[in-house]
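Participant: Just passing along the structure, written as structure tokens.
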Amino acid sequence: MFYWVMKRIFLGPVVRTLFRPWVKGLDNIPSEGAAIIASNHLSFSDSIFMPLMVPRPVVFLAKSEYFTGTGIKGRLTAMFFRLTNQLPMDRSGGAASAASLEAGMDVLTHGGLLGIYPEGTRSPDSRLYRGKVGVARLALQAGVPVIPVAMIGTDKVQPIGKRLPNIRRIGMIFGKPLDFSRYEGLADDRLIQRSVTDEIMYELMRLSGQEYVDEYASVVKLRLAGKSGEEPGKGSEEPGKPGEEPGKSGEEPGEAGSSRSA
């Protein structure tokens, strides 16, 4: 009820008036049935703008830190995220991330739309970074299509570190659903997971026009912060553009895309 009221009565009309979002390909969203909406991630506000344009409710996997804050602000933030169809996503890898993906699987099992950011975190410089295989694992296990969506201009509305948004027009392009039924029964094959993820990232690159970087955004953020240049627990992988031949690189178990990431 809260989600519907915010979308239809309060937040939705304000966003449409101030930011005048333009949308292409909205008819690629199925009117019913489960599907994954996989988006590039330029801004904190991506998870606000995009669901407002989709007629059906979209449930997002949100980083778990938003649900564990302390004090009044922390509790209000956690309450807002829960009331707006957000699910906590543990990004530490291993069993914790796998458990978080199970929550996403439950959404798909019940015929819902699941929103996920394959990059796992916001782009630090408006480029498109390497996708994590959680999105592929979910799509293959649930046997659902993946709808790529490119957010346009949201990095100019709310750059990283900026709390109050700039008022300017934004857009989004929904691509045609990607069908991975040809990989039925291979959901646990890491090379197939990598291939599917790369295909999704290729579509995001094509729709968004972003420059692609074959590196994890989280690793780049650590490097920019002066920390280790390799993500904890992740081995190096052979580089390659998204959509290149399957099996060019492996992936550590437990990797997953998430949404509303720092």
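The values are calculated or read from the model by the stated rules, or taken from the named source; none is laboratory data. Values in this document were obtained by computation on a predicted structure and should not be read as measured data. Every residue, glycine as well, gets a Cβ built from its backbone with ideal geometry; the counts of neighbours run over all protein chains shown. Calculation scope for accessible area: heavy atoms of the full protein, side chains included, ligands and nucleic acids excluded. Shrake-Rupley method; radii C 1.70, N 1.55, O 1.52, S 1.80 Å.
Participant: If DNA, RNA and ligands are ignored and the probe is 1.4 Å, what is the ranking of Lys132, Lys156, Lys227 by accessible area, most exposed first? Present the calculation step by step, with values, prior to reporting the outcome.
Facilitator: Values: Lys132 20, Lys156 100, Lys227 135 Å².
I get Lys227, Lys156, Lys132, largest accessible area first.
Participant: Give me the extension gain from Arg56 to Thr68: residue separation times 0.36 nm, minus the current Cα-Cα distance, reported in nm with one decimal.
Facilitator: Numbers: separation 12, 0.36 × 12 = 4.32 nm, distance 2.78 nm.
Result: 1.5 nm gained on full extension.
Participant: To continue, here is another question. Using a 1.4 angstrom probe, figure out how much accessible area the range 1-70 has per residue, in square angstrom, rounded to the nearest whole.
Facilitator: On the way: 3260 Å² over 70 residues.
The answer is 47 Å² per residue.
Participant: Next question. Once amide H atoms are built 1.01 Å from N in the peptide plane, which residues 5 or more positions from Leu178, or in another chain, come under 5 Å H to H?
Facilitator: Amide H neighbours of Leu178: Val146, Ile147.
Participant: May I pose another question? Given the Cα-Cα distance of Asp188 and Leu76 and 0.36 nm per residue of separation, how much length would full extension add, in nm?
Facilitator: 36.5 nm
Participant: Next question, about the same structure. Distance in nm between label sites at Ala103 and Phe10, each 7 Å beyond Cα in the beta-carbon direction?
Facilitator: 2.2 nm
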